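Visitor: What follows is a single structure, and I will ask about it in a moment.
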Amino acid sequence: MSATETTSPAAGGPAPTRAAAGAAKAIVSLQVMRAVAAILVVFFHHMNTMRDGPAPDMPMFEIGKFGVDLFFIISGFIMWTTVSDRTTPAQFLKRRIVRIVPLYWAMTLATAFIVTKGGVGIDLNADYVRLLKSLLFIPQWHADYPTLVAPTMIVGWTLELEMLFYALFAAALVLAKPQRLIAVSAALAVLAAYGLIADPQTAILKGFTNNIVLEFAMGMGLGRLYELGKAPSSARAGAALLAAGVALACVHRALPDARFIYFGVPALLIMAGALAFESRISGKAWAVPKFLGDASYSIYLVHMMAMAVSTKILPFSFASAFPLPALLFEVAFAVAAGAVVYVLVERPLTDIARRLIAPKARPAEIVKGL
């Protein structure tokens, strides 16, 4: 679930690095991959829901989970390449709060209102505590799925890990860049190792030691290569990396049973491959994918609610007889709903939060996108 930033090199200053040049505009290849990541997750949840309902023969589409891994790689990359060395930990955290919290809180409160039938009959000793933990990004066992560590809005488990990453990254901003990469990566490695070895059973430890957190470090490493000009940049290398990443993702069951390996490594290869095509991606033909990338945060948070609506629109009998058209309609509906929320809710909420929390942010430091 990361962000692109818009920056302008200082007039008369030194020539910008490759990362600075890439950050001077939205990195379109990353925006496109953010759109792909969000749509993969939407397909995953819709196909699984159809398997449990009108289309039991619908494929599982487990690879749809892969969208989350793409988001985490992107997040690590963007935090590394766009956060200025002059940014203080407080400034960084303010901007991340501005970017993440408003829409997440709005959608979490809406979810809580819906699942409690408009707030009727809510248990003050349980539900409000659960809701408060959700709003504060504190991992907990989900009320309806006791073996699942997730907040009120289930998809928010990824944001809890994003906030963990932001906290570590903010603390490391006092270090020079090379030491920062080592420190944050080491902290994430310790958490992942503990989770793999100890298999903790408390919700907080279970959530924060998920080995998927290593993908943030992998994204930062890719960002380091990119800013040094050592990331692949030829079309041939990009195509090879994309092909290898897709192939590994498709055969992930044959890889070791650790998510940062069976989905993280393919996601890293795909992101490296996509970046290699950056100089070749331009023009109006990419306007829609770029917009969907901008809207990917809203799409991700809204798609479960949208699915609840779209399944009411299509008759069960139609979805049973024509599962593929029904699936495509539901996915398109979810993506469209996310786009509308992005324009009408996310952007206004973010602007309000920015004026309240970070009113003096310079254009070079304003975060655009997740």
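Visitor: So which pairs qualify, if the first residue must be in region 239-258 and touching a residue at least 60 places away in the same chain (Cβ under 8 Å), the second must be of a type outside the set (Ser, Thr, Tyr) and open to solvent by 50 Å² or more (accessible area, probe 1.4 Å), the Cβ gap must be under 7 Å, and the two must be at least 6 apart or on different chains?
Guide: Going by the 7 Å Cβ cut-off, the qualifying pairs are Ala258/Leu196.
Visitor: Can you give me the ranges of the helices (runs of 4 or more DSSP H) entirely in region 8-109 with at least 3 residues that are at pLDDT below 95 and open to solvent by 20 Å² or more (accessible area, probe 1.4 Å)?
Guide: 18-23, 28-51
Visitor: Quickly run through region 271-295 and pick out the residues that are in a helix (DSSP H, G or I) and more than 15 Å from Ala35 (Cα to Cα).
Guide: Correct list: Ala272, Gly273, Ala276, Glu278, Ser279, Arg280, Lys284.
Visitor: From (1) small (Gly, Ala, Ser); (2) under 30 Å from Pro56 (Cα atoms); (3) open to solvent by 10 Å² or more (accessible area, probe 1.4 Å), pick out the condition that doesn't hold for Ser310.
Guide: That leaves (3) as the condition not met.
Visitor: Just checking, does region 119-141 include any residue being among the hydroxyl-bearing types (Ser, Thr, Tyr), surrounded by fewer than 19 Cβ atoms within 10 Å (Cβ to Cβ) and either touching a Lys or Arg at 6+ places or on another chain (Cβ under 7 Å) or at pLDDT 95 or above (or both)?
Guide: No, that holds for no residue.
Visitor: Among the residues of region 205-216, is there at least one that is farther than 19 Å from Asp85 by Cβ, among the acidic types (Asp, Glu) and open to solvent by 30 Å² or more (accessible area, probe 1.4 Å)?
Guide: Scanning region 205-216 turns up no residue that is farther than 19 Å from Asp85 by Cβ, among the acidic types (Asp, Glu) and open to solvent by 30 Å² or more (accessible area, probe 1.4 Å).
Visitor: Let me ask another. Look through Gly229, Gly223 and report the one residue that is crowded, with 21+ Cβ neighbours inside 10 Å and closer than 21 Å to Ser75 by Cα.
Guide: Matching residue, one of Gly229, Gly223: Gly223.
Visitor: Here is a list: Ile299, Ile281. Which entry is touching a Gly at 6+ places or on another chain (Cβ under 6 Å) and among the β-branched types (Val, Ile, Thr)?
Guide: It is Ile299.
Visitor: Something else now. Are any residues in region 257-270 open to solvent by 20 Å² or more (accessible area, probe 1.4 Å) and not in a helix (DSSP H, G or I), and if so, which ones? Full working, then the answer.
Guide: Applying the first criterion (open to solvent by 20 Å² or more (accessible area, probe 1.4 Å)) to region 257-270 yields 257, 259-262, 265, 268-269.
Result: Asp257, single match.
Visitor: Which residue pairs have Cβ atoms under 9 Å apart, sit 6 or more places apart or on different chains, and have a first residue in region 144-168 that is farther than 26 Å from Val83 by Cβ and a second that is part of a strand (DSSP E or B)?
Guide: Thr147/Trp141; Leu148/Trp141; Val149/Trp141; Ala150/Trp141
Visitor: Can you name the number of the only condition in (1) aliphatic (A, V, I, L, M); (2) modelled with pLDDT under 95; (3) within 22 Å of Phe44 (Cα to Cα); (4) in contact with an Asp or Glu (Cβ under 8 Å, 6 or more places away or on another chain) that Ile313 fails?
Guide: (4)
Visitor: Still on this model: With of a type in the set (Gly, Ala, Ser) and out of contact with any Phe, Trp or Tyr (no Cβ under 7 Å at 6 or more places or on another chain) as the only criterion, which of Ala267, Ala249, Ala235, Ala274 stands out?
Guide: On the way: Ala267 fails: out of contact with any Phe, Trp or Tyr (no Cβ under 7 Å at 6 or more places or on another chain); Ala249 fails: out of contact with any Phe, Trp or Tyr (no Cβ under 7 Å at 6 or more places or on another chain); Ala235 fails: out of contact with any Phe, Trp or Tyr (no Cβ under 7 Å at 6 or more places or on another chain).
When all the criteria are applied, what remains is Ala274.
Visitor: Inside region 150-204, can you point out the residues that are of a type in the set (Ser, Thr, Tyr), under 23 Å from the mean Cα position of the chain (by Cα) and at pLDDT 95 or above? Walk me through it before giving the result.
Guide: Our first condition is that a residue be of a type in the set (Ser, Thr, Tyr); within region 150-204, this holds for 152, 158, 166, 185, 194, 202.
Restricting the remaining residues to those that are under 23 Å from the mean Cα position of the chain (by Cα) gives 152, 158, 166, 185.
Result: Thr158, Tyr166, Ser185.
The values are calculated or read from the model by the stated rules, or taken from the named source; none is laboratory data. Small disclaimer: the values here were computed from a predicted structure and weren't measured. Because the Cβ atoms are built from the backbone with ideal geometry, glycine has one as well, and the counts that use them run over all protein chains shown. Just so you know, the surface numbers come from the protein's heavy atoms only, side chains and all, with ligands and any DNA or RNA stripped out. Shrake-Rupley method; radii C 1.70, N 1.55, O 1.52, S 1.80 Å.
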